[in-house]
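Asks: Right, I'll just put the structure down here and ask away after.
The values are calculated or read from the model by the stated rules, or taken from the named source; none is laboratory data. All of these numbers come straight from a predicted model, not from anything done at the bench. Heads up, the Cβs are rebuilt from the backbone with ideal geometry, glycines too, and the neighbour counts pull from every protein chain shown. The accessibility values were calculated without ligands, DNA or RNA, using every heavy atom of the protein model including side chains. Shrake-Rupley method; radii C 1.70, N 1.55, O 1.52, S 1.80 Å.
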Amino acid sequence: MPRVPLQWVLWDIKDTLLKVRGSVGDHYSKEAERWGLSLHPAEINAAFQETYRRYSSRYPNYGSSQGQTGQTWWIGVMRDTLAECKVNDPALLNTMANNLYQDFCNAEKWEVFRDSKTALERCSSLGLKLGVVSNFDNRLETILRSCGLLSSFSFVVTSEEAGVAKPSPAIFHQALQKCGTSADRVAHVGDHYVYDYLASRSVGIHGFLLDRDNSHKEGAVPQEHRVVTLDELPSRLQDLMIE
């Protein structure tokens, strides 16, 4: 049976095309400095990791099924993180959390990987259409615009908007509806073995694992499904475009 040629590429965003510049602790401590507070970035990072895990467990996918929004969820995480670091004034906690929530829309908070823009351009030049499927809140389009990436994509599906997060097949089905084609005409690339690689392949999409740290070299991912940099991706996709 002839293979159906590829038409679309879906992209994960965080830790695939971009990452937080520096650390969360760096950014929170700079906000604290504006208010005359001295907080150590390492202490903030530890508090943030614990608070983020707790919120993700109690209120998965930004609490979307519990009446929360990405904004209320993140402000809760930020407030509780800062409170763990002995910031006690409720009004100040609110102000700092709201400032941080808005600040993370700006390009200076994010680092676009050196291979990201070239890979997007090369995929587009092959005639492939591009979309986003990301476990992210609804700031994502603003962040992508500020980083100069949004115009590469035909659509953006966030887990907050979709009401469901990877690895659920449902978020990929929503993306496939936007593609207007069958799963075998679509590829997906992301950095997470379960959320990106296994989840996309479970619905028939051609999943590729971006393995920047080479940690899956001896793992369960076939070499033809694994790339160490995005520079390798266009030629892999080109192979799938041949009938």
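Asks: From the list Ser146, Ser154, Ser182, Ser134, which one is touching a Leu at 6+ places or on another chain (Cβ under 8 Å), closer than 26 Å to Lys109 by Cα, modelled with pLDDT of 95 or more and open to solvent by 30 Å² or more (accessible area, probe 1.4 Å)?
Replies: Just one listed residue meets the conditions, Ser154.
Asks: Got at least one residue in region 119-132 being in a helix (DSSP H, G or I) and in contact with a Cys (Cβ under 7 Å, 6 or more places away or on another chain)?
Replies: no
Asks: Filter region 191-215 down to residues that are closer than 17 Å to Val4 by Cβ and part of a helix (DSSP H, G or I) and give me whichever is least open to solvent (accessible area, probe 1.4 Å).
Replies: Ser200
Asks: I'm checking my understanding of the structure. Among residues of region 3-56 that are in a helix (DSSP H, G or I) and among the aliphatic types (A, V, I, L, M), which one is nearest to the chain's Cα centre (by Cα)?
Replies: Only one residue tops the list, namely Val24.
Asks: A further question on this structure: Those residues that are among the basic types (Lys, Arg) and touching a residue at least 24 places away in the same chain (Cβ under 8 Å), I need them from region 2-33; list them, please.
Replies: Scanning region 2-33 gives Arg3, Lys14, Lys19, Arg21.
Asks: Would you be able to tell me the number of residues in region 57-77 that are farther than 15 Å from Phe136 by Cα and part of a loop (DSSP other than H, G, I, E, B)?
Replies: Residues in region 57-77 being farther than 15 Å from Phe136 by Cα and part of a loop (DSSP other than H, G, I, E, B): 1 in total.
Asks: All but one of (1) of a type in the set (A, V, I, L, M, F, W, C); (2) out of contact with any strand residue (DSSP E or B) (no Cβ under 7 Å at 6 or more places or on another chain); (3) open to solvent by less than 60 Å² (accessible area, probe 1.4 Å) hold for Phe172; which doesn't?
Replies: (2)
Asks: Quick one: what pairs do we get from region 156-179, first residue over 19 Å from Ile143 (Cβ atoms), second of a type in the set (Phe, Trp, Tyr) and buried (at least 21 other Cβ atoms within 10 Å of the Cβ), C-beta under 9 Å, 6+ apart or different chains?
Replies: Hits for this filter: Leu176/Trp8; Cys179/Trp8.
Asks: Another one. Of all residues in region 74-111, which are open to solvent by less than 20 Å² (accessible area, probe 1.4 Å) and of a type in the set (S, T, N, Q)?
Replies: Scanning region 74-111 gives a single hit, Thr81.
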